[in-house]
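*Asks:* Input: one structure, supplied below.
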Amino acid sequence: MKRKALIVIVLLLLFGCTNGTDKNIKKEKNEEFLYFLYATPLADHPIWLQSKEGFVQACNELKVKCDWIGPKVIDTEKMEEVISQGLIEKVDGIITQGVIKKALLEEAATLDIPIVLVDSNIEDGKKFTFYGKNFQRQAQLLLNEIEKKIPKHKPLVIAIQVAELNFKIAQDQIQEIREVFKDHPGGYEIVAITESKSDKIRAQAQWMNTLRNHPNINVTINFAAESADACAEIAQTLNIKKQLHIYGVDDMDSTIDYIKKGYIDASVVTSFYEYGYKTVYQMYAYKKTGKKPTSLNNEVKLLIVNQDNVDTYQSELKE
């Protein structure tokens with residue numbers, strides 16, 4: 001727990017990151033405290049801010065110092081720089097998305113600094129533990145929901161949007177769609193896959209091009225949080241929602257509002273709040289008592305949110 005200094009404003013200035021928790025944390029001589037770092041992939045994105053809320057809540061409850069630092073746009077190099085600085089300063093624990101270099105996990109393990117991965121895994125990496133979705137389960141939930149709207153004998157003409165195609169999390173989600181959707185009796189075809197880069201304006205532009213170029217699309221699947229909203233807005237502009245079924249992930253306020261209005265058919269959600277909250281308690285227990293997680297890989301609860309349960313799903317997530 002002892003260290004000369006913690007991550008400071010210099011890190012933020014050098015790497016263009018956002019820090020939204022404790023600032024200018026300094027350790028006085030002989031002072032000891034636990035300090036956890038959340039190296040977020042997107043510091044200001046609404047869905048990741050849900051995770052920040054849980055992170056800060058847990059740190060406050062446990063009286064742990066903490067920082068939330070990361071880029072404002074997708075930039076894995078900046079994430080890795082934040083983590084590297086944290087390792088240099090010997091923070092007590094790190095939470096991050098599993099889109100970083102595996103070597104950082106190995107370096108942390110040698111320093112006995114637990115790194116918890118959330119949302120995206122590095123399966124053969126030396127992480128402390130992982131919390132994330134079962135993508136096969138997610139794909140099955142989506143297919144079940146789609147078949148409520150589209151007869152099983154009818155072919156599915158699908159377009160997909162992800163945040164970053166080169167991220168393993170995107171590739172894994174797409175692959176599970178390919179596997180699970182083989183069970184659809186009418187067959188399916190994926191005619192387009194695009195990237196949002198976690199930017200809604202880009203997401204809208206990509207959907208405009210895709211839907212104009214492939215007017216026979218009857219299903220869109222959006223694996224970036226902002227993409228379903230963007231798709232819904234373009235569908236309204238083109239006046240094609242009656243023939244288009246739009247599915248997303250996550251529960252940003254705008255996504256929930258669009259589900260209520262019928263602009264989005266459904267979204268697969270999990271609790272990003274728990275990504276921040278549970279992981280702090282696990283790292284705290286390890287640092288205080290040496291207790292390690294009972295499982296290296298932890299599946300989080302998934303729910304499909306549609307107009308039937310849009311007003312009650314949050315209580316379902318907590319059950």
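*Asks:* Return the residues of the range 61-81 that are within 18 Å of the chain's Cα centre (by Cα), under 23 Å from Tyr131 (Cβ atoms) and not in a loop (DSSP other than H, G, I, E, B); say none if nothing qualifies.
*Replies:* Trp68, Ile69, Gly70, Thr76, Lys78, Met79, Glu80
*Asks:* For the range 274-309, enumerate the residues that are in contact with a strand residue (DSSP E or B) (Cβ under 9 Å, 6 or more places away or on another chain) and of a type in the set (A, V, I, L, M, F, W, C).
*Replies:* Val280, Met283, Leu296, Val300, Leu302, Leu303, Ile304, Val305
*Asks:* Please find, among Ile264, Ile240, Ile246, the residue that is under 30 Å from Thr210 (Cα atoms) and surrounded by fewer than 19 Cβ atoms within 10 Å (Cβ to Cβ).
*Replies:* Ile240
*Asks:* Given (1) farther than 23 Å from Ile304 by Cα; (2) of a type in the set (A, V, I, L, M, F, W, C); (3) surrounded by 18 or more Cβ atoms within 10 Å (Cβ to Cβ), where does Leu111 come up short, assuming only one miss?
*Replies:* So Leu111 meets the others, but not (3).
*Asks:* Tally time: how many residues in the range 256-280 are more than 28 Å from Val116 (Cα to Cα), in contact with a helix residue (DSSP H, G or I) (Cβ under 7 Å, 6 or more places away or on another chain) and assigned to a helix (DSSP H, G or I)?
*Replies:* Residues that pass the stated criteria total 1.
*Asks:* Right, Tyr277: among the aromatic types (Phe, Trp, Tyr), surrounded by 18 or more Cβ atoms within 10 Å (Cβ to Cβ) and either modelled with pLDDT under 95 or in the same structural domain as Ile160 (by TED's automatic domain parsing) (or both) or not?
*Replies:* Considered against the rule, which asks whether it is among the aromatic types (Phe, Trp, Tyr), surrounded by 18 or more Cβ atoms within 10 Å (Cβ to Cβ) and either modelled with pLDDT under 95 or in the same structural domain as Ile160 (by TED's automatic domain parsing) (or both), Tyr277 comes out as no.
*Asks:* Which condition number does Glu319 fail, the rest of (1) touching a helix residue (DSSP H, G or I) at 6+ places or on another chain (Cβ under 8 Å); (2) modelled with pLDDT under 95; (3) not assigned by TED's automatic domain parsing to the domain that holds Thr210 being met?
*Replies:* So Glu319 meets the others, but not (1).
*Asks:* Then there is this: From the list Thr294, Thr289, which one is more than 20 Å from Ala139 (Cβ to Cβ), modelled with pLDDT under 95, loosely packed, with under 14 Cβ neighbours inside 10 Å and out of contact with any Ser or Thr (no Cβ under 6 Å at 6 or more places or on another chain)?
*Replies:* Selected residue: Thr294, the only one of Thr294, Thr289 that is more than 20 Å from Ala139 (Cβ to Cβ), modelled with pLDDT under 95, loosely packed, with under 14 Cβ neighbours inside 10 Å and out of contact with any Ser or Thr (no Cβ under 6 Å at 6 or more places or on another chain).
The values are calculated or read from the model by the stated rules, or taken from the named source; none is laboratory data. As the structure is a computational prediction, the values presented were derived from the model and not from experiment. Glycine gets a Cβ as well: all are built from the backbone with ideal geometry, and neighbour counts include every protein chain shown.
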